[in-house]
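What follows draws every value from the coordinates through simple rules; no lab data is involved. What you see is a predicted model, and the numbers here were worked out from it, not measured in a lab. Quick reminder, even Gly has a Cβ in these numbers, built from the backbone with ideal geometry, and neighbours come from all protein chains shown.
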Amino acid sequence: MKSIALSLCALGASAKVITDDSIFYGQSPPVYPSPNITGTGDWAESYTKAQALVAQLTLEEKSNLTFGASTTDNGCAGWIQAIPRLGFPGLCLVDAGNGVRTTDLVNGYAAGLSVGASWNRELTTQRGHYMAGEFRAKGANVALGPGEYPQSDTRLYIYLHFTIVVGPLGRIARGGRNWEGFSHDPYLSGLLAADTIKGHHQRGIITSLKHFILNEQETNRNPFANTTPQVEAVSSNVDDKTMHELYLWPFQDALKAGSANIMCSYQRINNSYGCANSKTLNGLLKTELGFQGFVVTDWRAQHSGVASALAGLDMTMPDSGYWGKNLTTAIQNGTIPESRLDDMATRILAAWYLLGQDEGFPKPGVGMPYAITEPHTRVDARDPAARPILFQGAVEGHVLVKNNRALPLRDPQVISVFGYSAPGYKQSVVGDGTYSAWKLGAQSTNPEQQVASKVYNSTVFIETIAINGTIIMGGGSGATTPGYVSSPFDALNQRAMKDNTDLFWDFVDPAPQVPASDACLVFINAWSSEGYDRPAVYDDYSDNLVLSVAEQCNNTIVVIHNPGVRLVDNFSDHPNITAIVYAHTPGQDSGAATVALLYGDENFSGKLPYTVPKNVSDYGPLLGPDLPEGDYLNYPQSDFSEGIFIDYRGFEARNITPRYEFGYGLSYTTFEYDSLSVGKTKKAEDADIYPSGPIEQGGQIDLWDVLANVEFTIKNTGKITGKEAAQLYIDTPSGARQLRGFEKLSLKPDETDSVKLPLTRRDLSEWDVAAQRWKLVKGSIGVYVGASFKDVRLQGTLDI
Ligand code: BGC
């Protein structure tokens, strides 16, 4: 363990003599003062409007914009009170990443990991568009005149959606929130985040980008006060190069796409809390990436008043007690300059103006009931036009990884169905009577599996499976409560009714008796939730169930609902296991989508957004969370010393052959790649090695200059229509082959289409630590186009 002797000394713990440069590892340099919003790029008009409004506010009104009011009487995760005299209606901040959380009459979309598995940018934008439409529908008309905004009416306004999870990035395989993010790859995550934001902006909804940054484990995510001294939250320790080339990358894309809010994370970053870290907030975010919007805390992630204000925090949620009167006192006595509060208020109001929310929401609504039993006027937010998007999202998140001609099913007469993840959940409501993600398989508890033990501040569940019924997503604040859940067994029954199939089923016996069948389907899952990391990446109970069926049935098809990586080597080579499907986290249309795929009404087109290794040991130290240990029991440390070498980069560097590589997935048809051409653009001709453009939100604007294009053709050489997610990898100057382009195409049999993928200056650069800039590395670069990380079909070079 390198790192934090200095902080330990400061806190009175045993001193250590540091003799080398490692003194700087795990330390967060100070960056002050906090940069003001400047109104660059698209923000000019909203900045001017916000400034004008802030000029009319009293000190107290400005301060009231920066901290959350109580959430107990409405469905908002947090809300900012109105300023009636000036027509500002307040803000309602609502989860979740896959739809509107904590309310009724909404949809449950495919969750992040399924979106990643789809590799479908257009579908992702549409998903964002319709999700945002639901937030809007639950919102209300703000075209009332000033003075007509009673404060209690804040429940009527839903302006901010906690949508975009690009952190965690899946550094550790057992990460409890990996299912909320899109992928373990920053390039794929970044573009899908940008597409989701685009969809939200079409409907005037502010997106929240989270959790900034290095929020890679749930264990010790928060401080734990029941000891003396208290156990601080884990510190994610990272070097500057890894920060830029891996973890900051997807945030940068999402900021470039215009996200007007970002949420700082619970844990510490280089030993300084995420919501009081001047390097990440003032430095990376507001200086280097020119962020114009506002920074909100994760819930109760504020641990200091003055320090967090000066470090660049703009809003605390809910009400921590650190701000409010304390903030105004600190301003009055000169500890914090009033300009800092002006900047907080301007950033918050500029975000509101940027999305046109001052112009009013078209349709009055009644917002969000809090308790399930609360009488309320119903607002059905579900647009019928979203139905195909929900279904397609569920379909394209499925990844077929093994198929020995078992699928699609061909007129089976007798099917037997096994596994606890096939039927619907036993109760629709299993929670505390609130609309808090407790409904219909989106539950975050699973009564029969709660074998819990306390490890510091987090509850660790011994078992990882949700044995009470199918799951459509993980649990916690990222889960929604859709109107219905299509379970695999429901959908199979419907299909059987149509086809007159004879179904047998047993969802209880761990070693069931198997009738003579044309196909045996086994549905298993892995459970994952915010608040703790998964204890394992496979479980014996499910694997033994699968093997028991396979011993008796020579056409055993396994479907896994997996909110994260799930290893399958205990059964994947069994000769009777003829097909394996990762169904991921499909949302409410889960069963309908699976059955459409199994019967070939839909074609598989998903590809893995992460790598599946053969052995647990292949992960080395990146399997599970870092725990408090040794000298650091009260100051847990997590050194990201592997650098950018997580997931496929790491396995490749360590020469480990995976079971299923990143980007892998089968289809019912086949594709041929041809005619590769790699060409430089005019901009590349005399490109300087460093960018020189001005900074707008997202960073220096010429980082997005296209310096080369990679073109090729794809032909559908099979007999049915299918979609192919074509991938472009390059040997990056950082020493790893990395994803730098992808596109999903739909092709009919014999149809050929061409693909053109741009390579930007940033794609071809490495982070120069000394220059503190992206540096274009000139030379010959390997270019690889194919169907997955390993399945390279075309190869070329780019001379830059
Ligand atoms: C989660 C956030 C969420 C917030 C509000 C926190 O516990 O980490 O992702 O947005 O709660 O519900």
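For the range 35-354, what value does the Rg/Rh ratio take when both radii are computed over Cα atoms and Rh is the Kirkwood radius, given to two decimals? If you can, show how the numbers build up before the last one.
Values: Rg = 18.5 Å, Rh = 19.6 Å.
The Rg/Rh ratio comes out at 0.94.
Find how much the distance from residue 202 to residue 656 grows on full extension, using 0.36 nm per residue of separation minus their present alpha carbon separation; answer in nm with one decimal.
Numbers: separation 454, 0.36 × 454 = 163.44 nm, distance 4.37 nm.
Here the answer is 159.1 nm.
Alpha-carbon geometry of the range 386-630: the Rg and the Dmax are 17.6, 64 Å, given in that order. For the range 562-613, the square roots a ≥ b ≥ c of the C-alpha gyration tensor eigenvalues yield an a/c of 1.5 or more together with a/b not exceeding b/c, which makes the shape oblate. Cα-Cα over 29 Å: which of 198/683; 256/682; 680/748? In this structure, 680/748 exceed 29 Å between Cα atoms.
Can you work out the FRET efficiency for the pair residue 601 and residue 333, with r the C-beta to C-beta distance and R0 = 60 Å, to the nearest 0.05?
Numbers: r = 69 Å, r/R0 = 1.15.
After rounding to 0.05, the efficiency reads 0.30.
Taking 0.36 nm per residue of sequence separation and removing the Cα-Cα distance, the residue 36/residue 750 pair yields an extension gain of 251.4 nm. When the range 35-354 is described by a simple charge dipole with +1 on each Lys and Arg Cβ and -1 on each Asp and Glu Cβ, the residue from 102, 91, 335 located farthest towards its positive end is 102. The protection proxy used here, the mean number of other Cβ atoms lying within 10 Å of each residue, ranks peptides 188-196, 504-512, 174-182 as follows, highest first: 174-182, 188-196, 504-512.
Go through 290-302, 785-797 and give me the packing order, highest mean Cβ count within 10 Å leading.
Numbers: 290-302: 25.2, 785-797: 17.9.
Descending packing order for the listed peptides: 290-302, 785-797.
Each Cα pair under 8 Å and six or more residues apart adds its separation to the average, and for the chain the resulting relative contact order is 15 percent.
If you take the beta carbon distance between residue 378 and residue 300 as r and set R0 to 25 Å, what does 1/(1 + (r/R0)^6) give as a FRET efficiency, to the nearest 0.05?
Numbers: r = 32 Å, r/R0 = 1.28.
In this case the efficiency is close to 0.20.
Protection proxy ranking, highest mean first, for peptides 265-277, 597-609: 265-277, 597-609, where packing is the per-residue count of other beta-carbon atoms within 10 Å, averaged.
By DSSP, what percent of the beta bridges with both residues in the chain are antiparallel, rounded to the nearest 5?
Details: 64 of 105 bridges.
In the chain, DSSP labels about 60 percent of beta bridges as antiparallel.
Counted over all Cα-Cα pairs of the range 669-799, pairs farther apart than 26 Å make up 29 percent. For the chain, the percent of C-alpha pairs falling in each 20 Å distance bin, counted from 0 to the bin holding the largest distance, reads 16, 50, 30, 3, 0.
Since only 470, 262, 549 are under comparison, the one whose Cα sits farthest along the positive direction of the charge dipole of the chain, derived from C-beta charges on Lys, Arg, Asp and Glu, is 262.
Return the calculated 222 nm mean residue ellipticity for the chain, to the nearest 500 deg cm²/dmol, obtained by summing -39500 (n - 2.57) across DSSP H runs with n ≥ 4 and dividing by the residue count. Show your work: numbers first, answer last.
Numbers: 16 runs with 159 residues, N = 800.
Result for the chain, helices only: -6000 deg cm²/dmol.
Run the reach check for residue 614 against lysines, Cα to Cα strictly under 26 Å, same-chain hits fewer than 8 apart removed. What comes back? Partners within reach: 402, 790. Starting from the Cα of residue 404, move 7 Å in the Cα-to-Cβ direction to define the label point; list residues of the range 531-547 whose amide nitrogen is under 16 Å from there. It comes to 546-547, nothing else. Counted residue by residue at 0.36 nm each, then reduced by the alpha carbon distance between them, the extension gain from residue 45 to residue 769 reaches 257.1 nm. D by Stokes-Einstein for the range 205-289, Kirkwood Rh over Cα pairs, 37 °C, 0.692 mPa s: 243 µm²/s.
What percent do you get for the relative contact order of the range 35-354 when only Cα pairs under 8 Å and 6+ apart count?
21 percent
Using Cβ point charges alone (K and R +1, D and E -1), the dipole size of the chain about the Cα centre works out to roughly 660 debye.
For the pair residue 614 and residue 52, a Förster radius of 56 Å applied to the C-beta separation gives a FRET efficiency near 0.35, rounded to the nearest 0.05.
Projecting the Cα atoms of 223, 208, 355 onto the dipole axis of the chain, where Lys and Arg carry +1 and Asp and Glu carry -1 at the beta carbon, places 355 farthest toward the positive end.
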